[in-house]
Amino acid sequence: MARKPASRVEFVMFDVFYRDGSQRSNRRVPSGVLGGLDGDVPARATIEEQDRLIAEKSGIPAMPIDRIRRSGGK
């Protein structure tokens, strides 16, 4: 008997620019949090949460984000 395909979570990739001038590319944000009237604004909160978790695990404080943009965009 054929199995039902599992639901896939799609991601949108973002480039993140920090206030100190550094950049991180291809940060994954679930596409479910994007869209609607807010557009890509919720992506910033998701990335800030990811940075907070990374900072907790590494012991290095998270840097403040200056701006974000979708990867591959200008």
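For segment 31-41, a tally of residues being under 14 Å from F11 (Cα atoms) and either without any contact (Cβ under 8 Å) to a residue 12 or more places away in the chain or open to solvent by 40 Å² or more (accessible area, probe 1.4 Å) (or both) returns 5. Candidates in segment 38-60 are the residues that are part of a helix (DSSP H, G or I) and hydrophobic (A, V, I, L, M, F, W, C); of these, the one that is nearest to V16 (Cα to Cα) is I47. Restricted to segment 61-74, and to residues there that are on the phi < 0 side of the Ramachandran plot and part of a loop (DSSP other than H, G, I, E, B), the residue that is most open to solvent (accessible area, probe 1.4 Å) is K74.
Scanning segment 7-29 turns up no residue that is surrounded by 12 or more Cβ atoms within 10 Å (Cβ to Cβ) and part of a helix (DSSP H, G or I).
The values are calculated or read from the model by the stated rules, or taken from the named source; none is laboratory data. These numbers were taken from a predicted model, which means no experiment stands behind them. When we count neighbours, we look across all protein chains shown, and the Cβ atoms used for this are built from the backbone with ideal geometry, even at glycine. The area values use the complete protein model at the heavy-atom level, side chains included, leaving out ligands, DNA and RNA. Shrake-Rupley method; radii C 1.70, N 1.55, O 1.52, S 1.80 Å.
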